Amino acid sequence: MRSSFENIYILWYARLKNFALTYVLRDSDAEDVVQDVFTRLYERQSLPAREEAMAGYLFQAVKNACLNLLRERLAAANAEKRLRSTLQMELRLRYDSLGQMVLVPETEEDIVEILDRALARLPEKCRIIFVKSRLEGMRQADIAREMNISINTVETQMGIAYKRLRQELKDYLPLFLFLFCAFECHISQ
């Protein structure tokens with residue numbers, strides 16, 4: 001089987017790669033597709049006996065693999081386009097709501113004071129978890145480990161914090177949504 005497989009690989013690899021290139025256009029993608037087809041063929045442990053059957057199988061397998069790759073890429077591109085559109089709308093809404101906001105803190109100190117007052121009204125455990133997550137940038141798993149609690153508890157406490165802060169800061173909500181988004185975007189970079 002091994003020497004037979006090696007012969008097939010040597011005989012067909014270049015032709016299949018060129019064939020794949022007509023679909024996927026990038027050399028690395030064509031190589032990946034052909035390698036995947038040969039890997040599946042090798043794992044099958046049985047090769048078609050006739051050369052015509054082998055050629056038909058290989059070209060059909062490469063064509064199908066190329067089409068699958070293109071479908072995946074198209075779906076990913078469409079998802080990215082929808083996400084980008086959604087993010088642009090959200091940013092526009094946040095921007096517009098900031099422009100219409102009546103209660104705008106005057107200075108950075110005012111913002112800090114408003115946030116401190118709202119955080120002080122949270123239950124102690126909830127406040128600690130929120131501060132560690134959102135202001136210190138810790139991951140939920142790290143917070144759970146450090147505080148010797150479950151990740152579900154961290155998630156629950158974060159939900160409580162968001163709900164209470166949303167209520168506490170309802171007059172300033174657009175500003176703080178914008179600030180938290182900017183903080184989130186800064187952390188992910």
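The values are calculated or read from the model by the stated rules, or taken from the named source; none is laboratory data. These numbers come from a predicted model, not from an experiment. Neighbour counts run over all protein chains shown; Cβ positions are idealised from the backbone, glycine included. These accessible areas exclude ligands, DNA and RNA; they are computed on the full protein's heavy atoms, side chains included. Shrake-Rupley method; radii C 1.70, N 1.55, O 1.52, S 1.80 Å.
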### Query
By a straight-distance test (C-alpha under 16 Å), which lysines pair with K125 as possible cross-link partners, with residues fewer than eight away in the same chain excluded?
K163
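Using a 1.4 angstrom probe on the protein heavy atoms only, line up L58, L21, L93 by accessible area, largest first.
Details: L58 0, L21 45, L93 120 Å².
Accessible-area ranking of L58, L21, L93, largest first: L93, L21, L58.
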#### Entry: For D36, solvent-accessible area (1.4 Å; no DNA, RNA or ligand), Å²
80
### Task
Would you mind getting me the FRET efficiency between D171 and D32? Use the beta-carbon distance for r and R0 = 45 Å, nearest 0.05.
0.25
### Neighbour net charge for E124 - beta-carbon separation under 15 angstrom, K R +1, D E -1
+4
### Neighbourhood net charge (15 Å Cβ-Cβ; Lys/Arg +1, Asp/Glu -1) for Q88
+2
#### Entry: Neighbourhood charge, 14 Å Cβ-Cβ cut-off, centred on R71 and excluding it, Lys, Arg +1 and Asp, Glu -1
0
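Provide the convex hull volume over Cα atoms per residue for the stretch 104-167, in Å³.
Numbers: hull volume 5.0 nm³, N = 64.
Considering the Cα atoms of the stretch 104-167, their hull volume per residue is 78 Å³.
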